[in-house]
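Q: Input: one structure, supplied below.
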Amino acid sequence: MQASELQNKFERIRANKWFEAFVISVIVISALLVGAKTYELPAGMSSVTLFLDWFISAFFLTEITIRFLAEKRKRYFFKSFWNWFDTLIVIISLIPADDTELALIARLVRVFRVLRMISIIPELRILLVSLVKALPQLGYVMLLMFIIFYIYAAVGSTLFETINPVLWGDITISMLTLFRIMTFEDWTDVMYETQEVYSLSWIFYLTFIFFTAFAFLNMVIGIVVNVMERENEKARAEKEAAILEEQIAQGHVEPTLHDVLKELRELRAQVASQSNKEYVSKAD
């Protein structure tokens, strides 16, 4: 019974909003500490930064321990990618950052501690997961963009090499020039230079900008937004199902068995529908 009460206590601490806000504050302080170490600090500050560094490492170790002890089924804790990520960051952060052969690795890992912000804030997790799940579809867009780059680079190198070999000397340099044009970095200077020889060369630049900066960019945005909407709907359905199951388990609501099963089926169907959409989109 005492073990159960202790587990419930850890679970309440993990779910506490103030505790979560304090964890986020420590992550921010950790990021600021890494940035501060890139400056020349007064002699007295070195001991302060060292103390803060060890305090942050000890706090992260305590926080990950609380999260582990709050898990009802301990083996499920490491089924989450984010728990693995946080645990790995915390363990490597315990490597001494001074006067050791692993000091460089330890300092680099401390830089990545700011990424723990993603695992703590659900909205950031949804954004990252959406971006990762959109990568297969974005890959085809990137391939098509590469083809357009390659074609325009070949044409540009053939036509404009004699005008400016620095910008159009070969196909690889031409692709870098085209990237400059796509990002609108003084692209008009490049265009005006070739227009002195080829008066209609503006067609080359405007069509390239239309394909890359306008068409392809909007395609990328559309794919990411579409995947993000599906992830938000999936997260909302899972949250509603979890809340309903918890309310029923605690006896806060007393619906009929038929209504409970019906609502749970609907919520789980929404989650399954989102998963099927993702599978179909990947297969396409």
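Q: For the list (1) among the polar types (S, T, N, Q); (2) exposed (fewer than 12 other Cβ atoms within 10 Å of the Cβ); (3) part of a helix (DSSP H, G or I), I need the number of the one condition that Thr162 fails.
A: With respect to (1) among the polar types (S, T, N, Q); (2) exposed (fewer than 12 other Cβ atoms within 10 Å of the Cβ); (3) part of a helix (DSSP H, G or I), Thr162 is out only on (3).
Q: Continuing with this model, one more query. If you take the residues in the range 50-73 that are open to solvent by less than 70 Å² (accessible area, probe 1.4 Å) and free of Cβ contacts under 8 Å to residues at least 24 places away in the same chain, which one is farthest from Lys9 (Cα to Cα)?
A: Leu52
Q: Could you tell me which numbered condition Ser30 fails, if it satisfies all but one of (1) surrounded by 15 or more Cβ atoms within 10 Å (Cβ to Cβ); (2) over 24 Å from Ile121 (Cβ atoms); (3) of a type in the set (S, T, N, Q)?
A: (2)
Q: If you don't mind, another one. Would you mind finding the one in Phe214, Phe179, Phe184 that is open to solvent by 30 Å² or more (accessible area, probe 1.4 Å), at pLDDT below 90 and in a helix (DSSP H, G or I)?
A: Details: Phe179 fails: at pLDDT below 90; Phe184 fails: in a helix (DSSP H, G or I).
Exactly one residue qualifies, and that residue is Phe214.
Q: Conditions first: (1) over 22 Å from Arg125 (Cα atoms); (2) at pLDDT below 75; (3) basic (Lys, Arg). Arg110 passes all but one, so which condition is the exception?
A: Checking Arg110 against (1) over 22 Å from Arg125 (Cα atoms); (2) at pLDDT below 75; (3) basic (Lys, Arg), the one that fails is (1).
The values are calculated or read from the model by the stated rules, or taken from the named source; none is laboratory data. Note that the coordinates shown come from a computational prediction; the quantities given were computed from them, not determined experimentally. Neighbour counts are summed over all protein chains in view; Cβ atoms, including those assigned to glycine, are modelled from backbone coordinates with ideal geometry. Protein only, heavy atoms only, side chains kept; ligands, DNA and RNA dropped before computing areas. Shrake-Rupley method; radii C 1.70, N 1.55, O 1.52, S 1.80 Å.
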